[in-house]
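Step one of this worksheet: look at the structure below.
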Amino acid sequence: MTSYADFHQRSITERDAFWAEQARLIDWQTPPQQICDYSNPPFARWFVGGTTNLCHNAVDRHLAERADQAALVAISTETNTERSYSFAELHAEVQRMAASLQALGVKKGDRVLIYMPMIAEAAFAMLACVRIGALHSVVFGGFAAGSLATRIEDAEPVAVVSADAGSRGGKVVPYKPLLDEAIALSKHKPQAVLMVNRGLAPMPLQAGRDHDWSALRTLHLDTQVPCEWLESTEPSYTLYTSGTTGKPKGVQRDTGGYTVALAASMKHIFDGKAGQTFFATSDIGWVVGHSYIIYGPLIAGMTTIMYEGLPTRPDAGIWWSIVEKYQVTHMFSAPTAVRVLKKQDPAYLAKYNVSSLKALWLAGEPLDEPTAQWISGSLNVPIIDNYWQTETGWPILTLANGVEQQATRFGSPGKAVYGYNVKLIDEATGEELTAPNQKGVVAIEGPLPPGCMQTVWRDDDRFVNTYWKSIPGRLVYSTFDWGIRDADGYYFILGRTDDVINVAGHRLGTREIEECISAHPNVAEVAVVGVADNLKGQVALAFAVPRDASSLNSDADRAALEAEVMKQVDAQLGAVARPSRVYFVALLPKTRSGKLLRRALQAVAEKRDPGDLTTMEDPAVLQQVRDMVGQ
Ligand code: AMP
């Protein structure tokens, strides 16, 4: 067996030979002519000249050997339904959806925005798009009209696929009014909207624009829609993620590189085999949902489980009952979800036979030792942390146990994954830190491996300037995370270098929340910071300066304004972005040059020493913050 160290080394020093081998894991209509074109850094073009199709690799190619095997099982504890689709059935449904989209005018290269709950039709829609060469842009169903409108405007979709409603904890959330409002707000108007009716909420259809999926589906029950063979470097989708400005970035992914990267990860990282069952508890609105609910497991010929509902409803045993019933072999979740379960009665875990599980992978936020220990002891399987980003599409750091079994080190997501030339860089000098246990910015030397973002949608400059120019004197990709590496190559992630925060594994840009709050007529200025939270990792706190301080005479006045501000965030961005508290202060801490000192605010809110305050204009400002947060 190859050692992991050699495997990784080869992926960097013999890059093209290594990836040419991985490329054989997928089907190509025309094989690639060149493995990696890095003649125009930092833009990497993978598998140039090759033509392929993501949907073909996820669905069609399995028909010969596993047409009757379950491909997709959609379980909802919100509607108490379980729907299972074999590869043959999935193939048929995807073609019906593809034919419907084509009937609505969607062509190769067009964008289709998908705003859907976790139902099977969402998977059909994603696969249908890539089948016909249209780019999907999935927007998380928990986002509200304002966030949705920004994304519609940027993606300029020809069509939107949505549903009457989502449901969370038994509470129906109607989507159609949010979608109508978002389209009204957006300068771009999609020409068609395809609506899936779950029978949960009214969904009045706008004549000429809106269409009912069940009606179109009936028209296309037997329509054959062949896969569109795409040049490897043609885009497959965009997915928006938050950054340090208020405007979300459309992460653009290619076709061939992404398909190869996922196929290789299923083998080397997950050790997943056709016929096994993968259960990722994320949402299709996030990158984990794209890579490991939909594409990765299907490319590997595995059954994938899609789950709509809470991990604690009807009780905290629900996930383990799914593991038992479907003989789940691979499970993928987030530390927050495990922390939620840890607070429940451990008897729920003991109730089910989870011996089919081979391992549990956790990602999205730091995995703390007590959480890892608890779940590892309870499930009796390896718990494998993995660190990555929406931008990369698959893990940057983990233990690739499909190559070599390596020991887990608590607190570390593991080692640099093959294909990633990971470096720790001194932020000030741009120099590489080679000695162990030094803190630096986690960076990746170009080219980024296959599957990573190609660029920011329609904004090459933003891609270069945001990710590749932040470290002085070097063209290197910055993850914007701090990290250290021990003498054995295990990395430890120490938090973000920028103003991005991570709430329950979801990335939120504090600027986006600040922009939303400062639009309130009684807010003059606001700072949003992330502070440590036992359950969610971090929560957002807002410190706002009221425009009219005389309007806030009592606790009741402050509570009323706080509720209004929260309502505004809910309505524009969605409840995911809602700060847990909004404090009203007379002044915000600033430097003499007027720069907001978010770090000092964060330190005080976390009851830590704010450090050196010599640059602060008026250190007394922090006293009011201390009083508010009860220090
Ligand atoms: P997102 O693109 O929303 O998945 O967020 C990516 C960010 O989440 C990273 O830049 C990290 O800050 C954080 N993150 C993801 N996975 C991990 C992990 N395993 N350990 C620590 N932080 C993580």
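Of all residues in region 535-561, which are under 35 Å from the mean Cα position of the chain (by Cα), farther than 23 Å from residue 600 by Cβ, open to solvent by 20 Å² or more (accessible area, probe 1.4 Å) and in contact (Cβ under 8 Å) with a residue 12 or more places away in the chain?
535
Name the single residue that is nearest to the ligand (Cβ to nearest atom) among those in region 228-255 being touching a Lys or Arg at 6+ places or on another chain (Cβ under 7 Å), open to solvent by 10 Å² or more (accessible area, probe 1.4 Å) and modelled with pLDDT of 95 or more.
240
Residue 81 is checked against (1) at pLDDT 95 or above; (2) farther than 23 Å from residue 96 by Cα and fails just one. What number does that condition carry?
If we test residue 81 against (1) at pLDDT 95 or above; (2) farther than 23 Å from residue 96 by Cα, just (2) comes out false.
Kindly provide the set of residues from region 569-594 that are closer than 21 Å to residue 147 by Cβ and surrounded by fewer than 18 Cβ atoms within 10 Å (Cβ to Cβ), ordered by number.
At the first step, the residues of region 569-594 found to be closer than 21 Å to residue 147 by Cβ are 569-580, 582.
If the condition is that a residue be closer than 21 Å to residue 147 by Cβ and surrounded by fewer than 18 Cβ atoms within 10 Å (Cβ to Cβ), then 570, 571, 575, 580 are the ones that fit.
Being assigned to a loop (DSSP other than H, G, I, E, B) and either touching a strand residue (DSSP E or B) at 6+ places or on another chain (Cβ under 7 Å) or hydrophobic (A, V, I, L, M, F, W, C) (or both) is the filter here, so list the residues in region 253-281 that pass it.
Of the residues in region 253-281, the ones assigned to a loop (DSSP other than H, G, I, E, B) are 254-255, 269-276, 281.
Within region 253-281, 254, 255, 269, 270, 272, 274, 276, 281 qualify.
For region 412-429, enumerate the residues that are touching a strand residue (DSSP E or B) at 6+ places or on another chain (Cβ under 8 Å) and part of a loop (DSSP other than H, G, I, E, B). Talk me through it step by step, then tell me what you get.
Residues of region 412-429 touching a strand residue (DSSP E or B) at 6+ places or on another chain (Cβ under 8 Å): 412-417, 420-427.
Across region 412-429, the qualifying residues are 412, 413, 417, 420, 426, 427.
With the requirement that a residue be among the β-branched types (Val, Ile, Thr), touching a strand residue (DSSP E or B) at 6+ places or on another chain (Cβ under 8 Å) and either more than 10 Å from the ligand (Cβ to nearest atom) or open to solvent by 10 Å² or more (accessible area, probe 1.4 Å) (or both), what does region 385-409 give you?
Those that are among the β-branched types (Val, Ile, Thr), touching a strand residue (DSSP E or B) at 6+ places or on another chain (Cβ under 8 Å) and either more than 10 Å from the ligand (Cβ to nearest atom) or open to solvent by 10 Å² or more (accessible area, probe 1.4 Å) (or both): 390, 408.
Evaluate the following for residue 326: is it under 22 Å from residue 84 (Cβ atoms), in contact with a Gly (Cβ under 7 Å, 6 or more places away or on another chain) and either open to solvent by 20 Å² or more (accessible area, probe 1.4 Å) or not hydrophobic (A, V, I, L, M, F, W, C) (or both)? Reasoning before the result, please.
Details: under 22 Å from residue 84 (Cβ atoms): yes; in contact with a Gly (Cβ under 7 Å, 6 or more places away or on another chain): no; either open to solvent by 20 Å² or more (accessible area, probe 1.4 Å) or not hydrophobic (A, V, I, L, M, F, W, C) (or both): yes.
No; evaluated as a whole, the condition is false for this residue.
Could you list all residues from region 621-631 that are at pLDDT below 80 and either open to solvent by less than 60 Å² (accessible area, probe 1.4 Å) or more than 19 Å from residue 542 (Cβ to Cβ) (or both)?
Looking only at region 621-631, we keep the residues that are at pLDDT below 80, and these are 630-631.
630 - this is the single residue of region 621-631 that is at pLDDT below 80 and either open to solvent by less than 60 Å² (accessible area, probe 1.4 Å) or more than 19 Å from residue 542 (Cβ to Cβ) (or both).
Among the candidates 435, 487, which residue alone is touching a residue at least 12 places away in the same chain (Cβ under 8 Å), open to solvent by 30 Å² or more (accessible area, probe 1.4 Å) and hydrophobic (A, V, I, L, M, F, W, C)? Please lay out each step first, then the result.
Numbers: 435 fails: touching a residue at least 12 places away in the same chain (Cβ under 8 Å).
Criteria check complete, one pass: 487.
In region 79-117, which residues are touching a residue at least 60 places away in the same chain (Cβ under 8 Å) and either assigned to a strand (DSSP E or B) or open to solvent by 40 Å² or more (accessible area, probe 1.4 Å) (or both)?
79, 102, 103, 108, 111, 113, 114, 115
Considering every residue within region 286-302, establish whether at least one is touching a residue at least 12 places away in the same chain (Cβ under 8 Å), open to solvent by 20 Å² or more (accessible area, probe 1.4 Å) and more than 16 Å from the ligand (Cβ to nearest atom).
yes
Yes/no per residue for (1) in contact (Cβ under 8 Å) with a residue 12 or more places away in the chain; (2) surrounded by fewer than 20 Cβ atoms within 10 Å (Cβ to Cβ); (3) out of contact with any Leu (no Cβ under 6 Å at 6 or more places or on another chain); (4) of a type in the set (D, E, K, R):
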| site | (1), (2), (3), (4) |
| --- | --- |
| 148 | yes, no, yes, no |
| 154 | yes, no, yes, yes |
| 160 | yes, no, no, no |
| 198 | yes, no, yes, yes |
| 218 | no, yes, yes, no |
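Tell me, which helices (runs of 4 or more DSSP H) lie completely within region 10-78 with 1 or more residues that are farther than 30 Å from residue 308 by Cα? Spell out how you get there, then give the answer.
On the way: elements: 15-23, 54-58, 63-66.
Those helices (runs of 4 or more DSSP H) span 15-23, 63-66.
For region 174-189, how many residues meet the condition of being surrounded by fewer than 20 Cβ atoms within 10 Å (Cβ to Cβ) and in contact (Cβ under 8 Å) with a residue 40 or more places away in the chain?
Result for region 174-189: 1.
Test residue 282 against the criterion of being at pLDDT 95 or above, under 30 Å from residue 5 (Cα atoms), within 16 Å of the chain's Cα centre (by Cα) and within 13 Å of the ligand (Cβ to nearest atom), and give yes or no. Before you say what the answer is, go through the steps one by one.
Values: at pLDDT 95 or above: yes; under 30 Å from residue 5 (Cα atoms): no; within 16 Å of the chain's Cα centre (by Cα): yes; within 13 Å of the ligand (Cβ to nearest atom): yes.
Against the criterion (at pLDDT 95 or above, under 30 Å from residue 5 (Cα atoms), within 16 Å of the chain's Cα centre (by Cα) and within 13 Å of the ligand (Cβ to nearest atom)), residue 282 does not qualify.
Taking region 461-498 on its own, how many of its residues are within 12 Å of the ligand (Cβ to nearest atom), in a loop (DSSP other than H, G, I, E, B) and farther than 19 Å from residue 412 by Cα?
Adding up the residues that qualify gives 1.
With surrounded by 13 or more Cβ atoms within 10 Å (Cβ to Cβ) and in contact with a His (Cβ under 8 Å, 6 or more places away or on another chain) as the only criterion, which of 617, 564 stands out?
Unique residue meeting the criteria: 564.
Table: residues versus (1) away from the ligand (no atom under 16 Å from the Cβ); (2) farther than 25 Å from residue 261 by Cα.
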residue: 377; (1), (2): yes, yes
residue: 411; (1), (2): no, yes
residue: 419; (1), (2): yes, no
residue: 427; (1), (2): no, yes
residue: 444; (1), (2): no, no
residue: 449; (1), (2): yes, no
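If you scan region 360-375, which residues turn out to be near the ligand (Cβ under 8 Å from one of its atoms) and either open to solvent by 30 Å² or more (accessible area, probe 1.4 Å) or charged (D, E, K, R) (or both)?
Of the residues in region 360-375, the ones near the ligand (Cβ under 8 Å from one of its atoms) are 362-367.
Matches in region 360-375: 364, 365, 366.
Failed condition for residue 442, given (1) in a loop (DSSP other than H, G, I, E, B); (2) open to solvent by less than 50 Å² (accessible area, probe 1.4 Å); (3) among the aliphatic types (A, V, I, L, M), with all others met?
(1)
Give the residue that is farthest from the ligand (Cβ to nearest atom), with candidates limited to residues of region 504-517 that are open to solvent by 20 Å² or more (accessible area, probe 1.4 Å) and under 16 Å from residue 244 (Cα atoms).
Just the residues of region 504-517 that are open to solvent by 20 Å² or more (accessible area, probe 1.4 Å), to begin with: 504-507, 511-512, 515.
Retained after the next criterion (residues that are under 16 Å from residue 244 (Cα atoms)): 506-507, 511-512, 515.
Numbers: 506: 6, 507: 3, 511: 15, 512: 13, 515: 19 Å.
Filtering region 504-517 for residues that are open to solvent by 20 Å² or more (accessible area, probe 1.4 Å) and under 16 Å from residue 244 (Cα atoms), the one farthest from the ligand (Cβ to nearest atom) comes out as 515.
Looking at the structure I just gave you, is residue 473 open to solvent by 20 Å² or more (accessible area, probe 1.4 Å), of a type outside the set (A, V, I, L, M) and modelled with pLDDT under 95?
Numbers: open to solvent by 20 Å² or more (accessible area, probe 1.4 Å): yes; of a type outside the set (A, V, I, L, M): yes; modelled with pLDDT under 95: yes.
Against the criterion (open to solvent by 20 Å² or more (accessible area, probe 1.4 Å), of a type outside the set (A, V, I, L, M) and modelled with pLDDT under 95), residue 473 qualifies.
The values are calculated or read from the model by the stated rules, or taken from the named source; none is laboratory data. Please read these numbers as outputs of a predicted model, since none were measured by experiment. Please note: Cβ atoms are built from the backbone with ideal geometry, for glycine as well, and neighbour counts cover all protein chains shown. Accessible surface is based on the protein model in full, side chains and every heavy atom, while ligands, DNA and RNA are left aside. Shrake-Rupley method; radii C 1.70, N 1.55, O 1.52, S 1.80 Å.
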